[in-house]
Amino acid sequence: MIGSNPKKTMNKKIINIQINRLPKNPGVYLMKNRLDEIIYIGKAKNIYNRVRSYFYKSQNHSPKIKNLVEELVTIDFKPTPTELEALILESRLIKSFLPKYNRQLKQYKNYPFIKVNLKNEFPRVYLTYDCPDDGNYYFGPFNKAYSLVEDIHLINKIFKSRTCNHNIKVNPMDHSCLYDQIGQCVAPCNGSVAKGKYKELISEIIDFLEEGESDVIEDYLKHTSDKKKDLIAKQLFEQAQKIQRDQNRLNHLIKQNRLLKDAQQYADSVLLIRENDLHFAFHISDGRVKNRFPLDQPSHLIDSLNAITDQSNDTPGQLLPGIESTGQLFSPLSKECLDEMKIIIHWIRSDQGNHLIIPSKSISSFLDSLKSNTIRQLSDIYSLAPNYLESQIV
Ligand code: SF4
């Protein structure tokens, strides 16, 4: 055939054969080039459908996907019994193999934190990429630095905390800067605010980061909502839009705070899920899913929970990949653990089916309840919450 490339045609045929062998189940797929290097890792509810989609309507694909398909020679896969496990496996494999077409790679390396340098006499709030245990306050990690820079700018503006890095204690200034003049800094530099008052302001920022709530933020949101209405009435839409953007930013930050809080709260827990009428218990330890226990009847759940609480019993469940390779878990609250917890919390929030998450410290009371209630079928267990949970994630 004129213009056809026999090598490409052959490659296409080989890929088609591989696609037809893919399962229609959840799992992870690994795409490799002619050197057998993994160039992309993805997850799917249905591996066959997902991989097939790379080869349909290819004219609409991004340049990245077109290049990926061009380089692709082999497709491997790892089926998983649940979609959640596919998500976790994908994340672990990406971190291990660092495939060139996985964008998460860059994000993973560059997780930023909010830092409050409490060791300074007049602390500042700013972005950092490190989180050492050095007596300063760190909050995060967050996904995107460019958006966090804007968030921090807004926090400093609303709370009027300083943004300069002058050594105020050593060199008090007799004049302030523009931030004081435009009302965006309480100006500790020239003694306009006492050290104690300034520290109160910093505590309020930390409370807001920790709790996602603050009187200062509430006042700001109320005041700006009134102002926005006014601007709209005067048809000053551009200024009203700017206020809306700041409000959206604050609301997004509050959601992020909740996500991080949940991630930390459930870093040691048991997650019970039902998927395709199958039930599983996932043991989460130090922020990583360690084991999966398939459950066929209520007694299996009791056995699994006993095994999880019994430290001497090692791994009666299915050990998840990524645990055995390192031999030990990551330390609590590391970036890797929080990343995995975020995946789990996101999944729980988007799950429409049955699930229940039990913090480790509540497992024994949950077990008592399982024993004292007559649980005839596994689907009944999901209604045993929330008495045994401090907060149900929804
Ligand atoms: S007003 Fe003073 S403390 Fe505030 S940012 Fe300016 S120089 Fe720093």
Verdict on A267 being surrounded by 14 or more Cβ atoms within 10 Å (Cβ to Cβ), part of a helix (DSSP H, G or I) and either away from the ligand (no atom under 16 Å from the Cβ) or of a type outside the set (A, V, I, L, M) (or both): no
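Residues checked against (1) surrounded by 14 or more Cβ atoms within 10 Å (Cβ to Cβ); (2) part of a helix (DSSP H, G or I); (3) out of contact with any Leu (no Cβ under 6 Å at 6 or more places or on another chain):
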{"position": "D36", "(1), (2), (3)": "no, no, yes"}
{"position": "R52", "(1), (2), (3)": "yes, yes, yes"}
{"position": "N67", "(1), (2), (3)": "yes, yes, yes"}
{"position": "I75", "(1), (2), (3)": "yes, no, yes"}
{"position": "P81", "(1), (2), (3)": "yes, no, yes"}
Cβ pairs under 6 Å, 6+ apart, first in segment 173-199 and assigned by TED's automatic domain parsing to the domain that holds T163, second within 10 Å of the ligand (Cβ to nearest atom) and of a type in the set (F, W, Y): C185/Y179; P188/F122; P188/Y198; Y198/F122
Boolean, P123 is in contact (Cβ under 8 Å) with a residue 24 or more places away in the chain and assigned by TED's automatic domain parsing to the domain that holds H252: yes
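Based on what the data block shows, is I94 in a helix (DSSP H, G or I), crowded, with 20+ Cβ neighbours inside 10 Å and not polar (S, T, N, Q)?
When the stated conditions are applied, I94 passes them.
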Criterion violated by I308 - all others in (1) modelled with pLDDT of 80 or more; (2) in contact with a Ser or Thr (Cβ under 6 Å, 6 or more places away or on another chain) satisfied: (2)
Extreme residue, surrounded by the fewest Cβ atoms within 10 Å (Cβ to Cβ), among residues of segment 141-172 that are among the polar types (S, T, N, Q) and closer than 18 Å to Q247 by Cα: S147
First in segment 243-259 and in the same structural domain as L148 (by TED's automatic domain parsing), second anywhere and among the aromatic types (F, W, Y) and buried (at least 17 other Cβ atoms within 10 Å of the Cβ), Cβ under 7 Å, 6 or more apart: Q256/F142
Any hit, segment 199-211, residues being closer than 27 Å to I168 by Cα and touching a Leu at 6+ places or on another chain (Cβ under 8 Å): yes
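Residue under question is D286, and the condition is that it be surrounded by fewer than 19 Cβ atoms within 10 Å (Cβ to Cβ) and either modelled with pLDDT of 90 or more or assigned by TED's automatic domain parsing to the domain that holds E83 (or both); does it hold?
The answer is no for D286.
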Condition met for T128 (more than 13 Å from the ligand (Cβ to nearest atom), among the polar types (S, T, N, Q) and surrounded by fewer than 17 Cβ atoms within 10 Å (Cβ to Cβ)): yes
Subset of segment 138-166 (residues that are assigned to a loop (DSSP other than H, G, I, E, B), farther than 10 Å from L127 by Cβ and either aromatic (F, W, Y) or more than 16 Å from the ligand (Cβ to nearest atom) (or both)): P141, N143, K144
Any helices (runs of 4 or more DSSP H) falling wholly within segment 173-261 and containing at least 1 residues that are surrounded by 18 or more Cβ atoms within 10 Å (Cβ to Cβ) and within 16 Å of the ligand (Cβ to nearest atom): 178-181, 195-211
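The values are calculated or read from the model by the stated rules, or taken from the named source; none is laboratory data. It should be emphasised that the depicted structure is a prediction, and the values quoted were computed from it without experimental measurement. All Cβ positions, even for glycine, are placed from backbone atoms using ideal geometry, and neighbour counts span all protein chains on display.
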